[in-house]
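Read through the structure below, which is laid out as structure tokens, and then see the notes.
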Amino acid sequence: MLQASDIYGILKNIGVTHLHQANSVITSCTYLRQGGLVSRKFAEDHKLQQSAQPTDELDKKYGIWHTIFVPHIDIHDRQGQTKAPNLFGPVLFVLDLEVLLRLPAGANVRVTKRSPAYWFDTEPDSARWFQNAEEVAQNLSPDEIHKMPAIQVPSGKLEFPNRRARIILDDPQRQLQSGENAYTHAEARLREAAAQGKVEVSIEQRKCQMGCICASKYATWSAPVVDFYFG
Ligand SMILES: [Zn+2]
């Protein structure tokens, strides 16, 4: 059985300092109003706004609809591979690794062996998830994007510690169909949602690394797609 403190220790040993979750502005505003990251199932059960994700059907099929995935790398910023927008969205919640040491009672942390997008229907649980701390320690590296920590919280909500949230927000250098600047609009919506949720939020504009192709990627997005993620 994996303990959250084991995973904390393993991640800390390989130099990881934060966990992450990327989302659209709509879903991120729901998190801020709720005071924490919530599972897809929690948002659905409580009829909260969340935008569709490409993995939703898989998450339901594989029984991880109530799981909160918190990759230990910032996918947009990842070293050594193509740096580009995170396909889950331009709003990145950054959590201190210590969140793993203060999980609510009954919470469960696991680490995927492969991203659920690459799971097979017939394989056993042991092919999808590391089964013990030794396996995790032997296989997890700081730039691994498919082996990622995932948290299940009985309530479905992982509260922001001390009601404080840190966000890195992409500037796509685009306008919404309303004519508003996408970044300015997104930031204003996030701040408004944080005020509603009584969350103290810090929002930093993403500073891309050399070689990041996000500006050219965002330039190719259709107007409805920009609205979908930033509106
Ligand atoms: Zn970038």
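The values are calculated or read from the model by the stated rules, or taken from the named source; none is laboratory data. Remember, it's a predicted structure, so these values are computed and weren't measured experimentally. No Cβ is skipped: glycine too gets one built from the backbone with ideal geometry, and neighbour counts run over all protein chains shown. Areas reflect the complete protein model, heavy atoms only, side chains present, ligands, DNA and RNA absent. Shrake-Rupley method; radii C 1.70, N 1.55, O 1.52, S 1.80 Å.
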- Of the numbered conditions (1) surrounded by fewer than 18 Cβ atoms within 10 Å (Cβ to Cβ); (2) over 19 Å from T27 (Cβ atoms); (3) within 16 Å of the ligand (Cβ to nearest atom), A105 fails exactly one; give the number of that condition. (3)
- Query: In the set V16, V25, which member is touching a Ser or Thr at 6+ places or on another chain (Cβ under 9 Å) and modelled with pLDDT of 95 or more?
  - Reply: V25
- Note on the structure: In the range 57-78, residues that are within 13 Å of the ligand (Cβ to nearest atom) and assigned to a loop (DSSP other than H, G, I, E, B) total 2
- Has the range 41-56 got at least one residue that is open to solvent by 50 Å² or more (accessible area, probe 1.4 Å), modelled with pLDDT under 90, within 16 Å of the ligand (Cβ to nearest atom) and not polar (S, T, N, Q)? no
- Residue count, the range 176-213 (criterion: in contact (Cβ under 8 Å) with a residue 40 or more places away in the chain, out of contact with any strand residue (DSSP E or B) (no Cβ under 8 Å at 6 or more places or on another chain) and within 16 Å of the ligand (Cβ to nearest atom)): 5
- Message: Regarding the range 77-92, can at least one residue be identified that is surrounded by 19 or more Cβ atoms within 10 Å (Cβ to Cβ), closer than 18 Å to I10 by Cα and not hydroxyl-bearing (S, T, Y)?
- Response: no
- Item | Residue that is within 15 Å of the ligand (Cβ to nearest atom), polar (S, T, N, Q) and either open to solvent by 50 Å² or more (accessible area, probe 1.4 Å) or touching a Leu at 6+ places or on another chain (Cβ under 6 Å) (or both), where the choices are S216, S222 | S216
- Item | Some residue of the range 80-100 being touching a residue at least 12 places away in the same chain (Cβ under 8 Å), within 18 Å of F160 (Cβ to Cβ) and among the aromatic types (F, W, Y) | yes
- In the range 163-175, residue surrounded by the most Cβ atoms within 10 Å (Cβ to Cβ) [restricted to those that are within 16 Å of the ligand (Cβ to nearest atom) and touching a residue at least 40 places away in the same chain (Cβ under 8 Å)]: D170
- Item | The lone exception for Y31 - which of (1) open to solvent by less than 70 Å² (accessible area, probe 1.4 Å); (2) within 16 Å of the ligand (Cβ to nearest atom); (3) among the aromatic types (F, W, Y) it fails | (2)
